[in-house]
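Remarks on the structure that follows.
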Amino acid sequence: MICKYKISNLIRTIYELNLLLIIAMFLFIIADIRGQVSGTIKDQNGIALPYASIYIEGSSTGTVSNSEGYYRLEINKKDW
């Protein structure tokens, strides 16, 4: 009976470890397909452009710079 309990417990532990591995792999895949572009948008004279629109041409992905011209844009790998 003790041996049966240990085998059952071992199988459950292996199952849980496999599940954690699958979740970790999924998170790495998600992290790989997303990226980030950031910076400060400026005019020809080097002056920051506040509240400027920044977008990826041909997509609906975009953002707006803050009052100091800084922006951060989350993008998908397919848009790189």
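A short reminder: the numbers here are calculations on the coordinates, not readings from a lab. What you are looking at is a predicted structure, and each value in this text was computed from that prediction instead of being measured. FYI the Cβ positions are ideal-geometry reconstructions off the backbone, even for glycines, and counts take in every protein chain you see.
Quick look at the numbers
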{"quantity": "ILE11 paired with ILE41, simple spin-label distance in nm, labels 7 Å along Cα-to-beta-carbon", "calculated": "5.9"}
{"quantity": "Fully extended contour minus Cα-Cα distance, from ASN76 to ASN18, at 0.36 nm per residue", "calculated": "18.1 nm"}
{"quantity": "Cut-off under 5 Å, modelled amide H: who pairs with ILE54 long-range", "calculated": "THR63, VAL64, SER65"}
